[in-house]
Amino acid sequence: MTDIATRSVDRTALLPVALRNDFPILSEEVGDGQRLAFLDNAASTQRPRQVIDALSGVYERTYANVHRGIHTLSELSTEQYETARRSVQRLINARHLHEVIFTSGTTASINTVARSWGDANLRAGDEVILSVMEHHSNLVPWQQTAERTGAVLRHIPLTDDGRLDMEAFDGLLTDRTKLVAVAAVSNTLGTINPVAEIIAKAHAAGALVLIDAAQSVPHLPVDVQALDVDFLAFSGHKMLGPSGVGVLYGKEALLDAMPPFLGGGSMINEVKLSSFTPAALPAKFEAGTPPIVPAIGMSAAIDYLQSVGLDAIHRHESELTRYAYDALSQIEGLRILGPAPEHRAGLVSFAFDRIHAHEFAQVLNDQFGVAVRAGHHCTQPLHAHLGIAASTRASFYLYNTPEEVDRLIEGVLAVQRMFAPQGRQRKRRKPDE
Amino acid sequence: MPSEEELYQEHILDHYEDPFHRGHLTSATHAHEDKNPLCGDVVRIELELNDEGKIKNVYFNGQGCVISQASASMLIEEMYGKTVDELKSFSAEDMLALYGPRLTPNRQKCCLLSWKVLQSAVHSPLNDQKN
């Protein structure tokens, strides 16, 4: 490969390539007839046959609304939906089943805490600590809550290599701090944040902690009891499941004390014309018809991930990331965003000073079949902090291979050649002055 | 889907690397700036309108991909010397046709950024100007 020193990959760290056969979409062609290399997994992932079959199985045999009918199908759907809740409970090791709330996704989970817990507990002058690397979904809900309550938002700054500045965090924690809300893994930098340390320090200061686990639960073992985390939010579609379903985990005592967020069916105990009493957990936070089939599909995805093993998945992604990082770091003019491989999860974002991310995404797709994300990845404040408008992101999952990384690198080098300045002089149609 | 040769035609890369009227217009009477919220691409257009409603001069500046910046250069060149009425009747379809290669919906947004900015700019007099 041009200009890139020979690299080696540790194949003992990788998962068997045969598991790709479980994912029908991976044999699709994109661009100019290229076989798909899907490296946009931080945005959303693909589904194995096992999940697709679970979804169509519900629609073909067992579907009805849950918790309502006493007919056969409603009983079957209810059982499958509640089994899905048990899958999630086991995955994150929640103490109680009713601490697992199904939502429409991470965004809805964080908004539920911001609206319900935030409005009930935050007063003017109270402080919420976020960080500069947060996704918009862990920034905007708190900005809205701050506007309603007068709470003040503080942001943990970053070190030069894109990790949380933990000394600065110590300085931000005061008796005014009521909540710390940070991502376990940055969706742009890939940084794995020290959430256990953050939680311990926040608790010592008397503050609660919400972890945006959208980029961690799909890729790493997470144990909410070992972490002693207060709230945890993640999405089904980033872990081989359907879109439209996510989870809010909260400690029982906290969820019990919180007012319901959305009002409607299911979340009530009794309704009169002018008043209602809320249902017990988890129904209290599941107003309306829940994402029944997506939750059942998510459960099938969890079964699949656990059959492969989250430790093995993490090892696989770490090796691919190191492999990609080593190659990208040899490319002249390319700036890798975020820390060294040992501090990051399975993604690498990069920027060139004179070639826009769109050019990378377009050519990588059309000529190399490689799907990457180009833009600000819903982290505009982070991009502003880094002094760039956009970046290109390659993010890996259990089905990606070193050969796909090779195509990525080959494509990046091709883009660099294509868009190198050539001293072009345009034929003028009109005078310049 | 257009091929790379179509998407990045020579005359487009020419506009990208050697743009028409990229910079600042000190005599500007009107200006507007906007961003593509999907990707952060930004274009600012400054223009000087005379009493007869003619675009006496126009410059653009910005940051972004080849399509957003080359299309801005093409648009500015096309509109230089035209009247405001001609500018207003220059539709989004006209802009996509001026650019040339067929674009996917997401890339059309790149191409139409400068067109949207220019359409707003003629309605955005600078503070010390009367329109």
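The values are calculated or read from the model by the stated rules, or taken from the named source; none is laboratory data. The shown structure was predicted, so the numbers you read here are calculated from the model rather than taken from an experiment. With ideal geometry, Cβ positions are generated from the backbone for all residues, glycine too; neighbour counts draw on all protein chains shown.
In segment B:67-98, what residues are basic (K, R) and either within 12 Å of chain A (Cβ to nearest Cβ) or surrounded by 14 or more Cβ atoms within 10 Å (Cβ to Cβ) (or both)? Residue satisfying the conditions is B:K82 alone. Taking segment B:99-110 only, how many residues are more than 11 Å from every other protein chain (Cβ to nearest Cβ) and more than 15 Å from B:L13 (Cβ to Cβ)? Matching residues across segment B:99-110 total 3. Pairs meeting the criteria (first residue in segment B:5-25 and facing another protein chain (nearest Cβ under 10 Å) and at positive phi, second residue in a helix (DSSP H, G or I) and crowded, with 18+ Cβ neighbours inside 10 Å, beta carbons under 6 Å, at least 6 apart or on different chains) are B:H21/B:I76. Against the conditions (1) surrounded by 12 or more Cβ atoms within 10 Å (Cβ to Cβ); (2) in contact with a strand residue (DSSP E or B) (Cβ under 7 Å, 6 or more places away or on another chain), A:E29 satisfies every one except (1). Among the residues making up segment B:68-96, those that are over 19 Å from B:Y16 (Cβ atoms) and small (G, A, S) are B:G81, B:S89, B:S91, B:A92. Selection within segment A:354-384: residues that are among the polar types (S, T, N, Q) and in contact with a helix residue (DSSP H, G or I) (Cβ under 8 Å, 6 or more places away or on another chain). The member of this set that is surrounded by the fewest Cβ atoms within 10 Å (Cβ to Cβ) is A:Q380. All told, A:A351 falls short of being crowded, with 24+ Cβ neighbours inside 10 Å and either assigned to a helix (DSSP H, G or I) or modelled with pLDDT of 95 or more (or both). Of the candidates B:G100, B:G81, B:G62, the single residue that is touching a His at 6+ places or on another chain (Cβ under 9 Å) and either modelled with pLDDT under 95 or under 22 Å from A:K427 (Cβ atoms) (or both) is B:G100.
For the structure I just gave you, tell me whether A:D303 is at pLDDT 95 or above, out of contact with any strand residue (DSSP E or B) (no Cβ under 7 Å at 6 or more places or on another chain), of a type in the set (D, E) and within 30 Å of A:R20 (Cβ to Cβ). Here the answer is yes, as A:D303 does meet what is asked. Residues that are in a loop (DSSP other than H, G, I, E, B) and surrounded by fewer than 23 Cβ atoms within 10 Å (Cβ to Cβ) within segment A:169-198 comprise A:L173, A:T174, A:D175, A:R176, A:P194, listed in sequence order.
Number of residues in segment A:4-36 that are touching a residue at least 12 places away in the same chain (Cβ under 8 Å), of a type outside the set (V, I, T), more than 25 Å from A:S329 (Cα to Cα) and assigned to a helix (DSSP H, G or I) equals 5. So which residues in segment A:354-392 are assigned to a helix (DSSP H, G or I), within 24 Å of A:A37 (Cα to Cα) and more than 10 Å from chain B (Cβ to nearest Cβ)? Scanning segment A:354-392 gives A:L364, A:F368. Looking across segment A:104-130, the residues that are in a helix (DSSP H, G or I) and of a type outside the set (V, I, T) come down to A:A108, A:S109, A:N111, A:A114, A:R115, A:S116, A:W117, A:G118, A:D119, A:A120, A:N121. The residue that is surrounded by the most Cβ atoms within 10 Å (Cβ to Cβ), counting only those in segment B:35-59 that are touching a Lys or Arg at 6+ places or on another chain (Cβ under 6 Å) and away from chain A (no Cβ under 11 Å), is B:I55.
Residues are listed down the side, and each one gets a yes or a no for (1) under 23 Å from A:E286 (Cα atoms); (2) surrounded by 15 or more Cβ atoms within 10 Å (Cβ to Cβ); (3) among the small types (G, A, S); (4) touching an Asp or Glu at 6+ places or on another chain (Cβ under 8 Å):
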| site | (1), (2), (3), (4) |
| --- | --- |
| A:P16 | no, no, no, no |
| A:G33 | no, no, yes, no |
| A:L39 | no, yes, no, yes |
| A:R61 | no, no, no, no |
| A:T72 | yes, no, no, no |
| A:T78 | yes, yes, no, no |
| A:Y81 | yes, yes, no, no |
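Annotation note: of A:R407, A:R335, A:R417, the sole residue that is outside any loop (DSSP other than H, G, I, E, B), away from chain B (no Cβ under 14 Å) and surrounded by fewer than 17 Cβ atoms within 10 Å (Cβ to Cβ) is A:R335.
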